[in-house]
Each structure stands twice: as C-alpha cells, then as structure tokens.
Amino acid sequence: MSAASSRSNFFDLFKHFNRDLPASIVVFFVALPLCLGIALASGAPLFSGVIAGIVGGIVVGLASGSQLGVSGPAAGLAVIVMAAIGNLGSYEVFLAAVVLAGVFQFLLGQFKAGFIAYFVPSSVITGMLTGIGLLIILKQIPHAFGYDADYEGDESFDAFDGHNTFSDILQAWDLLTPGAVLIAAVSFAILILWDTVLTKKHRIFQLLQGPIVVVLVGILFNIAFMRGWLNFTLAEDQIVRLPVAGSLGEFTSFFTHPDFSQIANPAVIKTALVMAIVASLETLLCVEATDKLDVLKRVTPTNRELKAQGLGNVVSGLIGGLPVTQVIVRSSANITFGAQTKISAILHGFWLLLSAITIASFLNLIPLASLATILIMVGYKLAKPSLFKQLYALGWEQFIPFIVTIVAIVFTDLLTGIGLGLVVAIFFTLHHSYRNSHYIKQTRTTKDGQDVYELALAEEVSFFNKASILEVLEAIPPNSKVIIDCTNSKAIAYDVVEFIHGYQQHAKLKNITVETIAFNPPKHLLGH
C-alpha cells in the first residue's frame with residue numbers, strides 16, 4: 001500500500017467525526033459505571049475495570065477491524081475472574097493469567113479460529129440482541145428507582161443476594177428513592193423529546209446528543225440535592241464512584257503489574273485457557289451482532305478481531321486491568337447514538353483515561369439513575385415490539401430459536417442463552433435434513449402389474465437420515481420393485497450404506513426386487 005493510500009485511509013476515519021465524537025461521549029458515560037461495577041463484582045481493585053475500559057477503547061480499537069464494536073471488561077467473565085483470583089492466591093498472579101490468555105487469543109486469531117462466528121444462525125443473533133435489550137431494561141429499572149443492590153453491568157438472572165431479576169424490581173418498588181425517581185423521570189422526558197422532536201428540528205440537536213444533556217442535568221440535580229435546594233438525597237451507592245487520585249503519582253499507583261513467577265503453574269495456564277475461550281466466544285458473538293446492527297452492513301474480519309482482543313488482554317494484564325472482550329451493551333449504545341467508524345470507540349477510551357486523571361471527582365456527581373435511563377433507551381431500541389412481529393412473519397423456523405434465545409438469556413445468562421438458541425436452531429436444521437435426504441422420483445406400474453418405486457437420494461445423506469429412509473423403504477408393499485438412485489449423492493454416511501445393503505437382503509422376504517444406481521458399498525459388505 002502506498003504512503004498516499006495509507007494517508008487517505010487514515011483521514012477517511014475522520015470523515016464522520018461530527019457523528020463519532022458525540023457518540024464516543026455517550027459510550028464513555030455508559031462504559032464508566034459498567035467498568036466500575038464489573039470490577040466490583042469480580043473482586044478486583046475498582047480501577048482495574050477502568051484500565052480494561054481504557055485498553056479496550058484505545059488498544060483494541062486501534063488494532064480491531066470492527067468499525068462499531070466497543071471493547072472493555074465483560075460481566076460474563078466476572079464469576080470466572082472472582083474464582084480465579086481466589087484460587088491463584090493474589091491479583092498479581094491472576095494478571096499473569098490475563099496476559100497468557102491474551103497470547104492464547106492472539107494464537108486463535110493466527111490459526112484462523114474466527115470462522116466459529118459464522119456458524120451462529122441469524123435468528124439466534126437477533127434473539128441475542130433482543131434478549132440483551134430486554135435484560136438491559138429489566139436490570140436498569142432498579143437503578144432508575146434508586147435501589148442499587150446489584151452491581152452495574154450484572155447480566156445474570158440470579159443475584160448474589162438471593163434475589164433474581166424480577167424480585168429485584170419488586171424490591172426496588174418498595175425501596176424506591178424519590179430523588180432517583182425524579183432524575184429518571186426528567187431524563188426519560190429529555191431522551192424522548194430529543195429522539196422524537198428536537199433531532200428533527202435542527203442539526204445542533206444531532207451533534208449534542210440527548211444522553212449528554214441527561215448526564216449534565218443529572219449532575220445539576222445531584223448538586224441541588226447536596227446543597228439543600230431540593231428536599232431529596234442520593235446515597236453513595238446511587239452515584240458513580242470512580243477512585244480519585246490527588247496527584248499524578250497517586251494515579252500511577254492505581255496500576256498493578258503481574259507476577260510472572262507462577263506463569264508455568266498449571267492452575268494459571270488453566271485459568272488463562274478458560275478466559276481465552278470464554279472471552280473469544282463472547283467477542284465473536286458480539287461481532288456478529290454488531291455487524292447485524294450496522295446500517296452499512298460492514299463485515300468485521302473475525303481473525304483480526306481475535307488478534308486485537310489478544311493484544312488488548314496482554315496490555316491490560318501488564319498494567320493491572322481486567323480481561324477485555326467486545327461488549328454488546330457498549331457496542332449497541334455506540335450504534336444507537338450515531339457512531340459511524342472506530343474513532344468513536346477509540347475516543348471513548350481516551351475519555352476514560354483523561355477523566356480518571358483530571359475530573360474523577362466531577363464524574364462522581366453523576367447519578368446512576370441518569371445512566372439507567374440512557375441504557376433503558378438502548379435496550380428498547382434493541383427489543384422493539386416490531387421485531388417480534390417481523391420474526392413471527394418469517395415462520396416457526398426463525399421465530400422459535402429467536403424466542404428461545406431471548407427467554408434463556410433473560411432467565412440464565414448470555415452464553416447459556418446463545419447455546420440453547422443454537423440447539424433449537426440445529427434441531428430445525430436436522431429436521432430439514434431428515435425431510436430432504438431423499439424423494440420419490442417416480443412411481444409407476446409395469447405391464448405385469450408390478451408397482452415400481454424410484455427413490456432418489458440427496459447430495460449429502462447423513463446418519464440422521466437413516467430413520468426417514470428406513471421409514472420409506474419399509475412402507476413399500478410386497479411384490480414391488482424399488483430403484484434406489486444414488487447418482488446425485490456425493491456423500492452417503494456409512495450407517496445409511498449399511499442399511500441399504502441390508503435392505504437388499506431382507507427385501508427378498510417380501511418378494512421386493514431392489515435395483516441400485518451408482519451405489520458403491522464397502523467391499524467387506526459385499527462379502528456378506
């Protein structure tokens with residue numbers, strides 16, 4: 001590639017800066033509490049989540065081929081991380097496992113393992129997006145009410161305190177905070193007004209995104225509460241809690257370095273493998289979902305994405321961060337609020353870095369209720385009622401895996417939901433294979449009164465098709481003739497070959513004549 005071409009590609013990234021800049025600020029506001037919440041749930045230092053967010057934005061953003069995906073710490077890894085820190089004995093040894101996981105991910109990309117993403121059906125990916133949308137709404141309702149027992153970013157149905165997604169909402173209703181409800185109500189009004197009226201009135205309202213206004217208004221409300229201008233209060237756990245550094249030296253103390261003395265420990269290697277596999281699966285699923293949301297339908301190179309994530313985890317582990325993946329909540333917020341290129345994801349990483357150094361105390365005025373309303377709006381756009389109608393119109397083969405994926409994600413977790421949706425989709429595929437392995441090419445009667453059945457086999461006949469072929473052949477009446485035509489078959493499973501050969505033998509008992517075309521059974525069967 002020429003120098004002029006490289007410069008052209010670089011400047012192309014900034015062609016949509018007017019859209020990417022406000023989107024990056026919105027994603028920054030969404031990402032900040034998620035980074036802190038996931039670190040808290042992981043039993044890791046709070047700042048480790050911010051480090052992962054910074055690395056996910058800047059390092060992975062620069063290395064990735066995804067134009068709209070946003071990376072950072074993932075809730076799906078929180079349980080694994082917490083268990084690993086306890087098992088390995090120290091956070092520093094765990095960081096060595098994060099670095100090693102990054103190396104494994106890079107190798108997965110090098111060996112082209114990204115193809116796995118293309119095996120997930122569209123119905124399941126759509127179900128994943130809709131399920132995540134519903135999950136975001138359900139999980140953010142308690143935060144909007146001011147009841148904040150669960151960490152921000154929690155995706156599991158069962159909560160650590162014995163409650164679940166739905167009982168948390170009921171409890172939030174009993175324990176609601178009037179100040180939080182007021183902020184949430186005003187925030188919703190602003191977002192709806194911005195989305196339905198103001199953005200259509202003037203270009204300035206497209207540049208100044210509604211969520212940015214919501215955050216600023218939320219800060220003003222919080223200040224008014226603290227100064228007694230309004231007779232409401234917010235507790236500490238109802239606002240953002242970013243560690244505040246008094247100096248640059250104190251800021252650098254937030255960074256931790258890995259202990260590589262245990263790198264050959266089997267427990268470290270096992271932890272690294274588990275994190276690499278889970279992080280890679282979450283990333284690949286998110287890549288497919290993000291590409292599906294992209295209006296321009298750009299395709300992310302999955303092998304490059306695995307390498308980028310691997311590089312990100314190496315860097316994150318080296319400086320004290322949690323493992324990173326591409327994350328659907330941040331990615332969908334990025335798309336919802338107008339991002340066009342990867343510049344948005346990269347900038348959000350810089351905002352996390354600069355804010356942690358300079359304005360952490362100001363950010364600690366942001367109410368979680370404000371951020372909850374932004375996320376609920378993202379969730380609604382992912383799970384619009386029209387989407388259910390659209391999938392239903394496509395038929396049961398698309399609708400059932402879609403619904404199963406949604407329900408499973410809401411009542412379990414992301415990977416389990418995807419797995420169950422995939423099982424249902426595979427069932428439909430096998431059902432098709434079962435039905436389409438063969439067809440009756442022709443049925444006729446000879447001059448002698450003998451019925452002749454011509455059975456043509458498909459190109460691919462697997463062992464799943466054995467039962468359906470058996471059913472057809474066993475239904476042929478005595479004193480008939482059957483012609484089994486394998487001319488078009490490129491591959492016939494051994495189970496089916498063995499069955500057809502056996503049928504040739506026992507058909508004689510019914511006085512059925514069997515003729516085969518292009519049927520070549522193994523030599524050992526011919527000897528029977």
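Quick notes on this structure:
- With every protein chain in place and a 1.4 angstrom probe, the accessible-area ranking of L220, L34, L175, largest first, reads L220, L175, L34.
- In the chain, taking the dipole from charged Cβ atoms about the Cα centre, the farthest positive-side position among I406, V55, F111 is held by F111.
- Between F17, L284, G379, the Cα set farthest toward the positive side of the dipole of the chain (charges on each charged residue's Cβ, about the Cα centre) is that of F17.
- The residue list H506, I204, F145 was ranked by how far each Cα lies along the charge dipole of the chain toward its positive end, using unit charges on Cβ atoms, and I204 comes out on top.
- Taking a straight Cα-Cα cut-off under 18 Å and skipping sequence neighbours fewer than 8 places away in the same chain, the aspartates and glutamates within cross-link reach of K15 are D294.
- For Y392, the solvent-accessible surface with a 1.4 Å probe is about 130 Å², rounded to the nearest 10.
- Distance in nm between pseudo-label sites at S90 and T196 (7 Å out along the Cβ direction from Cα): 5.8 nm
- Only Lys, Arg (+1) and Asp, Glu (-1) charged, at Cβ; region 1-152 dipole about Cα centre in debye: 440 debye
- Packing rank of 403-410, 103-110, where each peptide gets the mean count of other beta carbons within 10 Å, highest leading: 403-410, 103-110
- Flagged links, alpha-carbon separation over 18 Å, of K112/K490; K292/K381; K201/K297; K200/K292: K112/K490; K201/K297; K200/K292
- Model label zone, F388; criterion: amide N under 15 Å from point 7 Å along Cα-to-beta-carbon; scope region 268-297: none
- With R₀ fixed at 35 Å, the C-beta to C-beta distance from N231 to I204 puts the FRET efficiency at about 0.50.
- Sparsely packed loop sites in region 272-308 (the trypsin sites (Lys or Arg not before Pro) outside DSSP H, G, I, E and B with at most 15 other Cβ atoms within 10 Å) comprise K297, R298.
- Estimated dipole of the chain in Debye, rounded to 20 [Cβ of Lys and Arg +1, of Asp and Glu -1, Cα centre]: 1560 debye
- Legend: helices of the chain (whole DSSP H runs) are marked when their alpha-carbon atoms reach 20 angstrom or more along the helix axis and their mean Kyte-Doolittle hydropathy is at least -1.0; marked are 17-42, 46-63, 91-110, 122-145, 178-193, 210-226, 266-293, 302-319, 343-358, 368-382, 396-411, 414-435.
- Here the calculated FRET efficiency for N265 and L220, from their Cβ-Cβ distance with R0 = 60 Å, stands at 0.70, rounded to the nearest 0.05.
- Selection of chymotrypsin sites (Phe, Trp or Tyr not before Pro), region 240-301, meeting DSSP coil and at most 14 other Cβ within 10 Å: F255
- Linear extension gain, L170 paired with T445, 0.36 nm per residue minus alpha-carbon span: 91.9 nm
- Relative contact order (%) - the chain, alpha-carbon pairs under 8 angstrom, separation at least six: 27 percent
- Sparsely packed loop sites in region 458-528 (the GluC sites (Glu not before Pro) outside DSSP H, G, I, E and B with at most 12 other Cβ atoms within 10 Å) comprise E459.
- Each peptide in 237-245, 264-272 receives the mean, over its residues, of other Cβ atoms within 10 Å, and ordering these scores from highest gives 237-245, 264-272.
The values are calculated or read from the model by the stated rules, or taken from the named source; none is laboratory data. Owing to the predicted nature of the structure, the values given are computational and were not obtained by experimental measurement. In this analysis, Cβ positions are derived from the backbone assuming ideal geometry, glycine residues included, and neighbour counts consider all displayed protein chains. Ligands, DNA and RNA are stripped out before the accessible areas are found, and what is left, the full protein with its side chains, is counted by its heavy atoms. Shrake-Rupley method; radii C 1.70, N 1.55, O 1.52, S 1.80 Å.
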